[in-house]
Amino acid sequence: MNNSPYSMVRPVGNRANYWRTGSLPRTLSLLVRRNEGVSWAVLVNQRSEGDAPSDNEIDPALHVTANAVKDWGSHDLLYRYFR
């Protein structure tokens, strides 16, 4: 049995970022919950091969993008688009 953790945790001050990655042949997934409560899921139907950009470039690019957002808004739009 593998003793590896189910998810990864990176402490950030008194809070933590949580993430989980996974893959099957020709797929990639990434789930992230940042310490300030912002979360995202990435599902890709191909993994990097040959000269394609590395899969490892996806996570940092999303963090850079999230850091650039100045105002996430104060209300939940979930029920406006998903009922």
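Each value in this text was obtained by applying a stated rule to the coordinates, not by laboratory testing. This structure is a prediction, so every number in the text was calculated from the model and none was measured. FYI the Cβ positions are ideal-geometry reconstructions off the backbone, even for glycines, and counts take in every protein chain you see.
Below is a table of values for the structure above.
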item	result
Residue exposure sequence - 38, 32 - by fewest surrounding Cβ within 10 Å	38, 32
Residue-count net charge about residue 65 - beta-carbon cut-off 15 Å; Lys, Arg +1, Asp, Glu -1	-2
Footprinting exposure proxy for 18, 79 (fewest neighbouring C-beta atoms within 10 Å first)	79, 18
Calculated FRET value between residue 71 and residue 21, using beta carbons and R₀ = 30 Å, to 0.05	0.55
Separation of the residue 39 and residue 51 label points, Cα + 7 Å toward Cβ, nm	4.0 nm
